[in-house]
Amino acid sequence: MAVSEKSAPSHGAPEATAGPPGDMAGRVARHCAALGISTEELARRAGMSPRYLELLEELGGDFDPAGLARIADALHMSPRELLEGPAGRRPGTGPAARRPHLGKLNPDECRDRLGTHGVGRVAVVTPEGTAVLPVNYTVLAGTVVYRTDPDAVTAAAPGAEIAFEVDDVDDTWSSGWSVLVVGTVEHVSDPDVVRVLSEQAVAEPWAGGKRELWVRLNPIRVTGRVIRVD
């Protein structure tokens with residue numbers, strides 16, 4: 001996978017103020033875990049030594065803004081998000097970049113990005129028409145899994161073909177990406193498999209309730225798009 005999916009605009013990155021020293025290190029650790037990479041691998045992707053990465057985590061933008069940008073890029077984040085956490089501004093409301101390019105993500109890039117989020121959208125066909133609903137999900141063994149109520153629309157019928165989508169918007173650079181997974185529904189009923197899913201799943205359903213049905217989406221095709229900025 002390429003280290004960089006976007007380049008900084010020609011007018012330069014916005015200034016950002018580093019928060020408390022531990023905040024950025026925590027964000028780096030969480031995103032590394034979501035991507036399934038070590039901090040050593042992150043340092044390699046960003047073209048720096050692990051010790052240099054540690055210094056950046058401690059000092060943030062006060063130490064090396066260029067190095068910070070490389071770390072953020074390797075984690076598929078903006079520098080501001082890495083330093084300050086998610087912004088409160090509604091995503092997608094900023095102006096378009098001056099020279100955007102819409103490109104395709106290769107399969108490895110799609111799989112990498114699927115693992116960075118915990119909320120996606122499931123599209124299913126119902127007797128009343130197509131429905132698109134959010135779910136908390138986890139990627140395990142190359143498949144998307146989520147828990148739901150057996151009577152919910154998101155349960156779908158075993159063997160049915162549904163779609164799952166996850167995306168990310170970077171307002172700092174007016175860029176972003178989306179990944180679409182189309183596959184068949186499997187209701188997981190084997191107690192041993194259910195136990196493993198319960199132990200390994202990262203995302204818990206926010207909606208509450210028992211939600212005892214595990215749904216696995218076995219992919220037929222995985223595609224993705226990315227908006228890159230010159």
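Residue pairs whose Cβ atoms lie under 8 Å apart, sitting 6 or more positions apart in sequence or on different chains, and linking a residue in the stretch 27-39 that is more than 16 Å from Y52 (Cα to Cα) to a partner that is polar (S, T, N, Q), are H31/T116; C32/S38; C32/T39; A34/T116; L35/T116.
The single condition from (1) touching a Ser or Thr at 6+ places or on another chain (Cβ under 7 Å); (2) at pLDDT 80 or above; (3) of a type in the set (G, A, S) that S38 fails is (1). Of everything listed in (1) crowded, with 18+ Cβ neighbours inside 10 Å; (2) modelled with pLDDT under 75; (3) in contact with an Asp or Glu (Cβ under 9 Å, 6 or more places away or on another chain), the single unmet condition for T93 is (1).
Let's see how each residue does on (1) buried (at least 16 other Cβ atoms within 10 Å of the Cβ); (2) within 16 Å of V182 (Cα to Cα):
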position: L114; (1), (2): yes, yes
position: G118; (1), (2): yes, no
position: V122; (1), (2): yes, yes
position: G129; (1), (2): no, no
position: V132; (1), (2): no, yes
position: Y146; (1), (2): yes, yes
position: V153; (1), (2): no, no
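The numbered conditions (1) modelled with pLDDT of 85 or more; (2) small (G, A, S); (3) over 20 Å from the mean Cα position of the chain (by Cα) are all true for G183 except (3). Within the stretch 194-216, restricting attention to residues that are among the β-branched types (V, I, T) and in contact (Cβ under 8 Å) with a residue 12 or more places away in the chain, the residue that is nearest to T116 (Cα to Cα) is V202.
Scanning the stretch 100-112 for residues that are surrounded by 13 or more Cβ atoms within 10 Å (Cβ to Cβ), within 11 Å of V226 (Cα to Cα) and either in contact with a His (Cβ under 6 Å, 6 or more places away or on another chain) or of a type in the set (D, E, K, R) (or both) yields a single hit, E109. Whenever a residue of the stretch 100-128 is assigned by TED's automatic domain parsing to the domain that holds S178 and hydroxyl-bearing (S, T, Y), its partners that are surrounded by 18 or more Cβ atoms within 10 Å (Cβ to Cβ) and not in a strand (DSSP E or B), lying with C-beta atoms within less than 7 angstrom and at least six residues away or across chains, give the pairs T116/H31; T116/A34; T116/L35; T116/H76. Only residues that are in contact with a Phe, Trp or Tyr (Cβ under 9 Å, 6 or more places away or on another chain) and of a type in the set (S, T, Y) were counted across the stretch 197-223, and they come to 1.
The values are calculated or read from the model by the stated rules, or taken from the named source; none is laboratory data. The structure displayed is predicted, hence computed values, not measured ones. Counting neighbours? That spans all protein chains shown, and the Cβs are built from the backbone with ideal geometry, glycine included.
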